[in-house]
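Single-structure report; data block below.
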Amino acid sequence: MSDKKASNAMWGGRFASGPAAIMEAINASIDFDRKLYAQDIRGSIAHCEMLAETGIIEEQDQEKIAHGLNTILKEIESGDFQFSKQLEDIHMNVEARLAELIGPAAGRLHTARSRNDQVAVDFRLWVKDEFHRVAEALKGLIEVFLTRAEEHAATVMPGFTHMQTAQPVTFGHHCMAYVEMFGRDLSRVRDAIERMDESPLGAAALAGTGFPIDRFRTARALGFREPTRNSLDSVSDRDFALEFLSIASICATHLSRLAEEIVIWSTPQFGFIRLSDSFSTGSSIMPQKKNPDAAELVRAKTGRVNGHLIGLLTVMKGLPLAYSKDMQEDKEAVFDAAETLDLMLAAMTGMVGDMTVNEQAMQKAAGSGYSTATDLADWLVRTLGLPFREAHHVTGRAVALAEGKKVGLEELTLEELQAIHPGITTDIFSVLSVQNSVKSRTSFGGTAPTEVRRQIDYWTKRIAKA
């Protein structure tokens, strides 16, 4: 049978001739939905087994269909399968080839289902599989951060607000901030898998079917918790795709923030880290350059992922129930976002894992910008009983004096400090070093090395169970 005749046959006789070329081009999705081939065949095998078990089709037809579908799977995986744009999508390409392989029995496969519930289950299976891949990638990235945090639990560095030096922290504490971010991403992935773990197969076109199908059987066979509970919603729901893109967008934003810090930290002006040659490039004209291109590309690709989320939200926002062809636009966005996120996670895991940390540069910068000023204010409150606002004012005067003399707070003399407030004693100098500052931050979740190690232990155990 020619492709054109096969296409007409699939339309079922409503159209006397094949669609015009431009309609064929806008209607066909096989160029991208071929990615669903494994899920499509898996769903069809589960469906035909259920049809046989419930007596809707003969067992011998089920065996022929299953054999034919497994043959097609091998053909696709070996590269021997010929995809046809005239057959529109992955479902029709597989069904047409099945008819060539086993004859009329192939026509029984589509009993009690529609392409609407078929694509819905295929796409859910694909997104669910991708969620599991993302979860493993996130666990790998978190584990790399835990290793770096353990190495640098006591490595002092400046903490910033508004990109201005604020208070000393440790690099381990900074690493653990990203563990928290990516841990939330992992939690969102787990939540989304739980929420989407329902099979739409058997909802048919939109109203269910009069055949005595067993949707619980196909749901179990495909690894879903249970079938969906409303046939209209089953074929029109793309929340799982939107959730994937939303989670991908949030995760990509975290990766972009990290990428920005890597770009800044690797500059000669900061010199906090040095990326390996594996994640850097040189300049075609400036031989001294070592550019953090991998980090910059991670930062840029976030816009691509965010765009896919906005695109699909816009597609879905005005669609009445149930299925509309608009939903064909869901897959390219998700496929590309998934591929992009996978690459971003892999690149960032590699960068963090083998970058060199310059502890001396971090230590030197940690004391800049009067970063222990808050420690001075806290000492005034704790030791002298000053109200914090008064302590804040006294500390501001001390900072102004040090700034005028171009020295650090710890370099001011006791007499100079007592001229600002007579109650200050020599004990004040114990809190003005960056090392003592970070050691004092022992509140739960603080930057003290002991607390950083406590959080590392917590997350190590949590990830081991994830």
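Key figures
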{"quantity": "Residue check, residue 252 open to solvent by less than 20 Å² (accessible area, probe 1.4 Å), within 28 Å of the chain's Cα centre (by Cα) and closer than 21 Å to residue 130 by Cβ", "calculated": "yes"}
{"quantity": "Among residues of the stretch 184-207, those that are surrounded by fewer than 19 Cβ atoms within 10 Å (Cβ to Cβ) and in contact with a Leu (Cβ under 9 Å, 6 or more places away or on another chain), counted", "calculated": "2"}
{"quantity": "Search result, residues across the stretch 440-466 that are surrounded by 16 or more Cβ atoms within 10 Å (Cβ to Cβ) and of a type in the set (Phe, Trp, Tyr)", "calculated": "459"}
{"quantity": "Condition broken by residue 40, with the remaining ones in (1) among the acidic types (Asp, Glu); (2) within 19 Å of residue 218 (Cβ to Cβ); (3) open to solvent by 10 Å² or more (accessible area, probe 1.4 Å) satisfied", "calculated": "(3)"}
{"quantity": "Within the stretch 419-439, tally of residues that are under 22 Å from residue 386 (Cβ atoms) and either of a type in the set (Asp, Glu) or open to solvent by 70 Å² or more (accessible area, probe 1.4 Å) (or both)", "calculated": "5"}
{"quantity": "Which listed residue is over 29 Å from residue 329 (Cβ atoms) and either outside the structural domain of residue 39 (by the TED database) or open to solvent by less than 10 Å² (accessible area, probe 1.4 Å) (or both), from 120, 149", "calculated": "149"}
{"quantity": "Residue 346 modelled with pLDDT of 90 or more, open to solvent by 50 Å² or more (accessible area, probe 1.4 Å), over 36 Å from the mean Cα position of the chain (by Cα) and small (Gly, Ala, Ser)", "calculated": "no"}
{"quantity": "Odd one out for residue 380, checked against (1) of a type outside the set (Lys, Arg); (2) over 43 Å from the mean Cα position of the chain (by Cα); (3) in the same structural domain as residue 307 (by the TED database)", "calculated": "(3)"}
{"quantity": "Pair list, Cβ < 7 Å and 6+ apart or interchain, from the stretch 162-174 residues that are within 17 Å of residue 372 (Cα to Cα) and open to solvent by less than 10 Å² (accessible area, probe 1.4 Å) to residues that are at pLDDT 90 or above and in a helix (DSSP H, G or I)", "calculated": "168/438; 170/438; 170/449; 170/452; 171/362"}
{"quantity": "Residue in the stretch 274-294 that is in contact (Cβ under 8 Å) with a residue 40 or more places away in the chain, under 28 Å from residue 138 (Cβ atoms) and touching a Leu at 6+ places or on another chain (Cβ under 9 Å) present", "calculated": "yes"}
{"quantity": "Residue 374 vs. criteria assigned to a helix (DSSP H, G or I) and touching a strand residue (DSSP E or B) at 6+ places or on another chain (Cβ under 7 Å)", "calculated": "yes"}
{"quantity": "Selected residue (criterion: surrounded by the fewest Cβ atoms within 10 Å (Cβ to Cβ)) from residues of the stretch 388-404 that are touching a helix residue (DSSP H, G or I) at 6+ places or on another chain (Cβ under 8 Å) and over 15 Å from residue 374 (Cα atoms)", "calculated": "403"}
{"quantity": "Test: residue in the stretch 319-326 that is closer than 12 Å to residue 244 by Cβ and either at pLDDT 95 or above or surrounded by fewer than 17 Cβ atoms within 10 Å (Cβ to Cβ) (or both)", "calculated": "no"}
{"quantity": "Those residues of the stretch 52-95 which are at positive phi and open to solvent by 30 Å² or more (accessible area, probe 1.4 Å), in sequence order", "calculated": "55, 79"}
{"quantity": "Unmet requirement for residue 430, which otherwise passes all of (1) modelled with pLDDT under 90; (2) within 36 Å of the chain's Cα centre (by Cα)", "calculated": "(2)"}
{"quantity": "For residue 146: the one exception among (1) out of contact with any helix residue (DSSP H, G or I) (no Cβ under 7 Å at 6 or more places or on another chain); (2) in contact (Cβ under 8 Å) with a residue 60 or more places away in the chain; (3) in a helix (DSSP H, G or I)", "calculated": "(1)"}
{"quantity": "For residue 357: the one exception among (1) more than 30 Å from residue 277 (Cβ to Cβ); (2) of a type outside the set (S, T, N, Q); (3) open to solvent by less than 50 Å² (accessible area, probe 1.4 Å); (4) modelled with pLDDT of 85 or more", "calculated": "(1)"}
{"quantity": "For residue 136: the one exception among (1) free of Cβ contacts under 8 Å to residues at least 60 places away in the same chain; (2) acidic (Asp, Glu); (3) in the same structural domain as residue 231 (by the TED database); (4) surrounded by 19 or more Cβ atoms within 10 Å (Cβ to Cβ)", "calculated": "(4)"}
{"quantity": "Single condition residue 299 does not satisfy, out of (1) open to solvent by 40 Å² or more (accessible area, probe 1.4 Å); (2) touching a Pro at 6+ places or on another chain (Cβ under 7 Å); (3) not aliphatic (A, V, I, L, M)", "calculated": "(2)"}
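Here's the yes/no breakdown for (1) without any contact (Cβ under 8 Å) to a residue 12 or more places away in the chain; (2) farther than 19 Å from residue 333 by Cα; (3) surrounded by 15 or more Cβ atoms within 10 Å (Cβ to Cβ):
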position: 34; (1), (2), (3): no, no, yes
position: 97; (1), (2), (3): no, yes, yes
position: 102; (1), (2), (3): no, yes, yes
position: 107; (1), (2), (3): yes, yes, no
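The values are calculated or read from the model by the stated rules, or taken from the named source; none is laboratory data. Here the structure is a predicted model, which is why all the values come from computation and not from measurement. Using ideal geometry, Cβ is built from the backbone for each residue, glycine included, and neighbour counts are taken over all protein chains shown. These area figures cover heavy atoms from the full protein model, side chains too; ligands, DNA and RNA do not enter into them. Shrake-Rupley method; radii C 1.70, N 1.55, O 1.52, S 1.80 Å.
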